[in-house]
Amino acid sequence: MIAAILFFPVAVCAQENPPEIIKAENYLRNLDTLKARFVQVDNSGGQMTGTFYLDRPGRLRFEYDQVEDFIVADGMLIYYYDAQLGEQSNAPIGQTLADFLLREDLYLNGTEIAVTDVYRDGGQISINLVQRADPDAGSLRLVFQEEPYSLKMWRVVDPQGFITKVYLEDIQTGIDLPRDLFAYIDPAHGSVPRYNE
């Protein structure tokens, strides 16, 4: 279920939003670079760990500790490499969940995506999102820590009802990240990066 953390279709656009949504949007828009450890929990409770890198707009990377699989977005496409099969799949960023985090003009609520609830619990704010045209197709929940304000986790429910959670730890922001982190490099065919500009 590795690919489920980012390959849930989503589209977003602007409209009037409550203060909690505006604060979340401003936080995400103002992120330039980020590095964090993550814990991914799948629908059956299985856990994987790794490192998450972000370079907004357009670029991110997930590297796993337990497997050689990785996910990388290079500004145009997002790639998922399956080490067991030795194969990669890809999609335009705009057709995936990664779009909400990577686009420059980031909005969480609009004519295509609806915020179904916003609530506080234990110093955290949760924001739940669904597609307006098909709210039963799945959902995305973002959870922010209030003090200091930061993204702590997200939860994806896919169209089949399977849940994947990703928790972020040891977050660093505003750091220098090598450009090669955000290029697709085929592990089976050398070390030459493939860039999309």
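Brief remarks follow.
- Test: residue in the stretch 85-105 that is at positive phi and not charged (D, E, K, R): yes
- Beta carbons closer than 7 Å, at least 6 apart along the sequence or on distinct chains, pair a first residue in the stretch 113-130 that is in contact (Cβ under 8 Å) with a residue 12 or more places away in the chain with a second that is part of a strand (DSSP E or B) and of a type in the set (Asp, Glu) for Asn128/Asp117.
- For the stretch 159-170, residues that are over 14 Å from the mean Cα position of the chain (by Cα) and either among the charged types (D, E, K, R) or under 19 Å from Asn17 (Cα atoms) (or both) total 2.
- Residue among Phe144, Phe182 that alone is buried (at least 17 other Cβ atoms within 10 Å of the Cβ), of a type outside the set (D, E, K, R) and under 26 Å from Met76 (Cβ atoms): Phe182
- Strands (runs of 3 or more DSSP E) (entirely within the stretch 40-90) containing at least 1 residues that are touching a residue at least 12 places away in the same chain (Cβ under 8 Å), within 16 Å of the chain's Cα centre (by Cα) and surrounded by fewer than 20 Cβ atoms within 10 Å (Cβ to Cβ): 47-55, 59-64, 77-82
- Yes/no for Arg141 being of a type in the set (Lys, Arg), at pLDDT 85 or above and in contact with a Phe, Trp or Tyr (Cβ under 8 Å, 6 or more places away or on another chain): yes
The values are calculated or read from the model by the stated rules, or taken from the named source; none is laboratory data. Computed from a prediction, not measured in an experiment: that's the story for all the values here. In this analysis, Cβ positions are derived from the backbone assuming ideal geometry, glycine residues included, and neighbour counts consider all displayed protein chains.
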